[in-house]
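Student: There's a structure below that I have some questions on.
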Amino acid sequence: MTSQTFPTGILHNTKTGRFHPITFRIAPMPGNAEQGPAYRHKSLGHHTEGFDTLEQAQEWVTNDPNCDDRGTTYLWDGEGIPAMVDWFV
């Protein structure tokens, strides 16, 4: 069985200062419209508790075999649910 990896970045909660790994799943455009070499992804979920430092969050991503670290940090104001869309090649 082949394991699947998911694009993963870091969500920085600017309200609390914590860092949460956030993972994405592929989510084609409505009607499967092509947009070039990148594919549309929606966030699948984030590490709820998060980490005190960016380095700790990055280490967690690096050590999780299901994560494909994209080296991206997203800012989140800490309000609501941090659902988002991004494009990955």
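Student: Taking every alpha carbon pair in the chain, what does the distance histogram look like in 10 angstrom bins from 0, in percent?
Tutor: Values per bin, smallest distances first: 17, 47, 28, 8, 0.
Student: Mean-square fluctuation check for the chain, GNM, Cα pairs under 10 Å: which of GLY31, GLY71, GLY45 is largest?
Tutor: Result: GLY31 has the largest fluctuation of those listed.
Student: Could you list THR72, THR53, THR23 so that the one with the fewest beta carbons within 10 Å of its beta carbon is first and the one with the most is last?
Tutor: On the way: THR72 14, THR53 11, THR23 20.
Ranked by crowding around the Cβ, least crowded first: THR53, THR72, THR23.
Student: Moving on. So for LEU11, LEU75, fewest C-beta neighbours within 10 Å to most, what's the order?
Tutor: On the way: LEU11 21, LEU75 9.
Neighbour counts put them in this order, fewest first: LEU75, LEU11.
Student: Provide the net charge surrounding THR8, with neighbours chosen by a C-beta distance below 14 Å and charges set as Lys +1, Arg +1, Asp -1, Glu -1.
Tutor: Local charge sum for THR8: -2.
Student: Could I ask something else about it? Counting only helical runs of four or more DSSP H residues, what would the 222 nm mean residue ellipticity of the chain come to if each run contributes -39,500 (n - 2.57) and the total is spread over all its residues? Don't skip to the answer; put the middle values down first.
Tutor: On the way: 1 runs with 10 residues, N = 89.
Computed mean residue ellipticity for the chain: -3500 deg cm²/dmol.
Where a number appears in this text, it was derived from the coordinates with a stated rule and is not lab data. Since the structure is predicted, the reported quantities are computational estimates derived from the model, not experimental observations. All Cβ positions, glycine included, derive from the backbone under ideal geometry; neighbour counts span all protein chains shown.
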